[in-house]
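The values are calculated or read from the model by the stated rules, or taken from the named source; none is laboratory data. Small disclaimer: the values here were computed from a predicted structure and weren't measured. Backbone-built Cβ (ideal geometry, glycine too); neighbour counts: all protein chains shown.
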Amino acid sequence: MKTFAQSEFAPTRRQVLGLGLVLAGAAALNVVPGFQLLASAQAAVPPAAQKIADHFSAVKSMSGEFVQFGPKGEQTGGKFFLERPGKIRFNYDGSSNFRVISDGQSVVILNKKLNTSDLYPLSKTPLKLLLDDRIDLSGGRVKAVKEEDDLTTIQLSDKSVFGNARITMMFDPKSYELRQWTITDAQGKDTTVMIFNVKEGVSIPPDTFAIDYTANRELNTKTR
């Protein structure tokens, strides 16, 4: 079993956003050295990327643990649950009791310790790209691909979802399973999330992804 030593670190709202909630922003796309740049938006999607997308689309539910590394090396972690289409939940460890929940329409960030809540449309976050029934690689979303013996790395960008920021995902080239992703925000800062002890095809109670809209009605709602 793969484990990580975790420090007692309460993530900030920006670092929670690193799980995949970068909103439309203004970071230039920087290509990692060694990537195969696609010539144009009309270029054919590399076969490795398409196989990975097909496999990941076929995974209708999964659960596991995650470790998150912030821009300055800050470390935290917890458990996650995913169900297609559109549903995901991250339960952070630690006293802040952070929760990130998507019910298929909206994404809410909860800090129960401070009794704060931020609500976003799922369609305006990169999580939508990962949680759709079908992972759509058309329209020039795939910007670069790097194939190595132990990892296949795919870089995605979609201005309609998160501006010129980017998400870089790493997959096992044999099983096509997602290992980790990095979100680069509007300031060019990276937040990396690693997942492990993952189980696919699990049964998850529906209320895992429930959002209490009544409780959030009086709180700050962002619809950028």
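Values computed for the structure shown
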quantity: Identity of the residue in the range 196-222, surrounded by 13 or more Cβ atoms within 10 Å (Cβ to Cβ) and modelled with pLDDT under 90, that ends up farthest from LYS60 (Cα to Cα); calculated: LEU219
quantity: Selection status of LYS87, crowded, with 20+ Cβ neighbours inside 10 Å, in contact with a Gly (Cβ under 9 Å, 6 or more places away or on another chain) and of a type outside the set (S, T, N, Q); calculated: yes
quantity: LYS113 vs. criteria outside any loop (DSSP other than H, G, I, E, B) and either within 14 Å of the chain's Cα centre (by Cα) or in contact (Cβ under 8 Å) with a residue 12 or more places away in the chain (or both); calculated: no
quantity: Residue match in the range 107-121 (condition: over 22 Å from THR184 (Cα atoms), of a type outside the set (A, V, I, L, M), at pLDDT below 95 and surrounded by 15 or more Cβ atoms within 10 Å (Cβ to Cβ)); calculated: yes
quantity: Subset of the range 169-209 [in a helix (DSSP H, G or I) and closer than 22 Å to PRO126 by Cα]; calculated: THR208, PHE209
quantity: Those residues of the range 141-196 which are under 18 Å from PHE69 (Cβ atoms) and free of Cβ contacts under 8 Å to residues at least 40 places away in the same chain, in sequence order; calculated: LEU151, MET169, MET170, ARG179, GLN180, THR182
quantity: Those residues of the range 134-153 which are closer than 24 Å to SER61 by Cα and either modelled with pLDDT of 90 or more or in a helix (DSSP H, G or I) (or both), in sequence order; calculated: LEU151, THR152, THR153
